[in-house]
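The values are calculated or read from the model by the stated rules, or taken from the named source; none is laboratory data. As the structure is a computational prediction, the values presented were derived from the model and not from experiment. Here the Cβ positions follow ideal geometry from the backbone for every residue, glycine too, while neighbour counts run over all protein chains shown. These area figures cover heavy atoms from the full protein model, side chains too; ligands, DNA and RNA do not enter into them. Shrake-Rupley method; radii C 1.70, N 1.55, O 1.52, S 1.80 Å.
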Amino acid sequence: MRPRQWVKNGAVLAALVFARQGDRVASLLRALAALALFSLLVSAVYLFNDLLDRERDRLHPTKRFRPIAAGTVSPALAGTVACLLAAVSLGLSFWLAPRFGIVALAYLLLQIAYSLWLKNLVLLDVFTIAAGFVLRVVAGAVVIAVPISNWLYLCTLLLALFLACAKRRAELLGVGDPAQQRRSLAHYSIDLLDQMLAILAACTILAYALYTLSSETQAKFGTDALKYTIPFVIFGIFRYLYLVHQRNQGESPEKVLLTDAPLLIDIAAFLSVVLLVLY
């Protein structure tokens, strides 16, 4: 079920924070419930993906230790648990908020398409990963019934594409024949991914900076102090690039986010300033 990767579902809470709903108990509880349900749904997707990829995973230096690939969990059990998780999470999602349920269903269908087909198509694979993050943000907005900011959409899309391209770069540098692990990797090169990362890093920083400096944002929050979070965003992007280029990390973004101390401190500082400014 990969609970370590649930950290990526934190995107569900983005709308709660930036819509200034975090201090409202009802909204907070609904957002946390959405986070929990999305985590169950994501785990169903991971089980489904590991079932399909178990033969290829056995050829990977680290993925071969995944329970299904290693044979410690039977395909029948994994498939049963995946179906139960998907059914329960979707059912409760529609009960929590019909629009949230629709987004959750869209996410599930997108991930099934990714596991079966889209992950093998160059460029479409990274856009599908990014779309999954955007849907997380959309889910967090609809569950508390707040408008979806264009800025939040844009920043999420760019950052998610950045992380997805960094993941593909790390996979390309992995042990063995990358194409045996993922067919789309045969169509990428390090030079191409480095160019894409440079473009996306610049666009992400610029989009966030413009968001904090826009008259719309300053009027909404009654202050221009959100601009003081820009250095933390720049440092975070640069630190991630450093880890990708100098330490060949990035294949597991959640691992990087949970283990790199400078990045953890930067994220904590960023969130602290955001909360201080908005609340």
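List of remarks:
- Charge dipole (the chain, unit charges on Cβ, about Cα centre) - positive-most of Leu241, Tyr114, Asn49: Asn49
- Part-to-part distance (alpha-carbon centres) for the range 1-23 and the range 69-114, which is given in Å: 19
- Only Cα pairs under 8 Å and 6+ residues apart enter the sum, and on that basis the relative contact order of the chain stands at 18 percent.
- For the range 1-143, the solvent-accessible area works out to 46 Å² per residue, with a probe of 1.4 Å and every protein chain left in place.
- Surface exposure of the range 179-232, expressed per residue as accessible area with a 1.4 Å probe, stands at 52 Å².
- At least 20 Å along the helix axis (C-alpha) and Kyte average at least 1.6, DSSP helices within the chain: 25-52, 75-96, 124-143, 190-213, 261-278
- For the range 1-108, size of Cβ-based charge dipole, Lys and Arg +1, Asp and Glu -1, in debye: 220
- Every helix of 4 or more DSSP H residues in the chain counts as -39500 (n - 2.57), and over all residues that averages to -23500 deg cm²/dmol at 222 nm.
- Solvent-accessible surface of protein heavy atoms, probed at 1.4 angstrom with all chains present, puts Glu251, Glu216 in the order Glu216, Glu251, largest first.
- Three-way shape label, the range 100-232, alpha-carbon gyration tensor, a/c 1.5: oblate
- Leu135, Leu77, reordered so the largest accessible area comes first (probe 1.4 Å): Leu77, Leu135
- Subset of Lys63/Lys167; Lys119/Lys255; Lys220/Lys255; Lys8/Lys63; Lys63/Lys255 violating a 24 Å alpha-carbon distance limit: Lys220/Lys255
- Calculated volume of the Cα convex hull per residue in Å³ (choose from (i) 191; (ii) 119; (iii) 136), label: (ii)
- Since only Cys83, Asn150, Tyr279 are under comparison, the one whose Cα sits farthest along the positive direction of the charge dipole of the chain, derived from C-beta charges on Lys, Arg, Asp and Glu, is Cys83.
- Packing-based order for 200-211, 32-43, 158-169, using average beta carbon neighbours within 10 Å, highest first: 158-169, 32-43, 200-211
- Around the Cα centre of the chain, unit charges on the Cβ atoms of Lys, Arg, Asp and Glu (plus for the first two, minus for the last two) sum to a dipole of about 400 debye.
- Solvent-accessible surface (1.4 angstrom probe) belonging to Met1, in square angstrom, nearest 10: 90
- These residues, His60, His245, go from largest to smallest accessible area, 1.4 Å probe, as His245, His60.
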